[in-house]
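The values are calculated or read from the model by the stated rules, or taken from the named source; none is laboratory data. Since we're looking at a predicted model, the values are computed, not measured. FYI the Cβ positions are ideal-geometry reconstructions off the backbone, even for glycines, and counts take in every protein chain you see.
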């Protein structure tokens, strides 16, 4: 593994306002994340030195500070709501989230075609139209397609918006591991995250974090597939396979 990329430390400017800026920086670094951001959004604008300190702070990793964004970052993933993430491990998306949005659009477009357009081009519909009879109803088929579409999208975003199993420690070997030579050989040190990896933990260069039971990085899910979102990934794949099989069989027999 390559060397760790440590964030650059901020240096207070020299001049008459350096003491004030230094006190702002010191008070910021002692505050939790939300209170620090609340101070930014107050009526008095922060100094440029304070903003630079926020951007380079090792205590807070946030994105788009110049645009007033309150999102926290873990590696290259973005936490959209810190409270929900801490309580339910949700509202975190990976670096390839536009690909997930593309999958959503594709599912909706496929549902429109298979549920509304394709039934009107089946043999039964063409024969009814040629005989001057009203086209047969496909309301049930359309409802089933819409239901599958909603199910696929829910499972897609459960996979894409849940913590895949990000590991943030330990920074030293647990005593039980350190005292067991056989068990110690199964642990590795990640010089990027500066933590020890368990036997099933691996580092993802795309997400820039270590993942517990990492299976692979899936750009369509926008993130890694690991211990905590593997079950949702399997459900999503099962749902779209059953959906595709249904529409093929339904249209073939009509």
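When restricted to residues that are in contact with a strand residue (DSSP E or B) (Cβ under 9 Å, 6 or more places away or on another chain) and in a loop (DSSP other than H, G, I, E, B), segment 212-236 contains 8. The numbered conditions (1) under 18 Å from residue 212 (Cβ atoms); (2) surrounded by fewer than 13 Cβ atoms within 10 Å (Cβ to Cβ); (3) at pLDDT 90 or above are all true for residue 105 except (1). Residues in segment 237-254 that are touching a helix residue (DSSP H, G or I) at 6+ places or on another chain (Cβ under 8 Å) and in a loop (DSSP other than H, G, I, E, B): 254 only.
Taking segment 155-206 as the range and being in contact with a helix residue (DSSP H, G or I) (Cβ under 9 Å, 6 or more places away or on another chain) and free of Cβ contacts under 8 Å to residues at least 24 places away in the same chain as the test, the residues that pass are 173, 176, 177, 178, 183, 184, 186, 187, 199. Which of the residues that make up segment 84-109 are over 30 Å from residue 205 (Cα atoms) and in contact with a helix residue (DSSP H, G or I) (Cβ under 8 Å, 6 or more places away or on another chain)? Matches in segment 84-109: 108 only.
Within segment 183-192, the set of residues being in a loop (DSSP other than H, G, I, E, B) and more than 29 Å from the chain's Cα centre (by Cα) comprises just one member, 185. Scanning segment 193-209 for residues that are part of a loop (DSSP other than H, G, I, E, B) and out of contact with any strand residue (DSSP E or B) (no Cβ under 6 Å at 6 or more places or on another chain) yields 194, 198, 199, 200, 205, 208.
Among the residues making up segment 146-182, those that are part of a loop (DSSP other than H, G, I, E, B) and surrounded by fewer than 20 Cβ atoms within 10 Å (Cβ to Cβ) are 168, 169, 170, 171, 172, 173, 174, 179, 180.
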